[in-house]
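Take a look at the structure below.
Every number in this text was worked out from the coordinates using simple rules, so none of it is lab data. The structure presented is a predicted model; accordingly, all values stated were derived computationally and were not measured. A quick note on method: Cβ atoms are made from the backbone with ideal geometry, for glycine too, and the neighbour counts reach across all protein chains shown.
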Amino acid sequence: MEHSDTIKALGGAKAVGDALRSRGVVVADVTVRSWTLAGRSIPSKYWSHIAAVAGEQGKAVSFETLAKAVAA
């Protein structure tokens, strides 16, 4: 699963940006959207927050899943 798929599964860039900001993470919607572009990925410093957002939604996104997407 690519990082763009993860962002879509979590409700899209706006929803992910809102969820990250609600956790105190300073990130602009345009930044989150940029992670969905071809050849781009979610920077590792956000992985723990992305995994937490996914968990709150009842979805499983692990560090392993995110790392495999980067390696692919």
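Sorted fewest first by neighbouring Cβ atoms within 10 angstrom, THR65, THR6, THR36 come out as THR65, THR36, THR6. Pairs of C-alpha atoms in the range 3-71 farther apart than 21 Å represent 11 percent of all such pairs.
Note on PHE63 and ARG21: their simple-model spin labels are 2.8 nm apart, each label 7 Å out from Cα toward Cβ.
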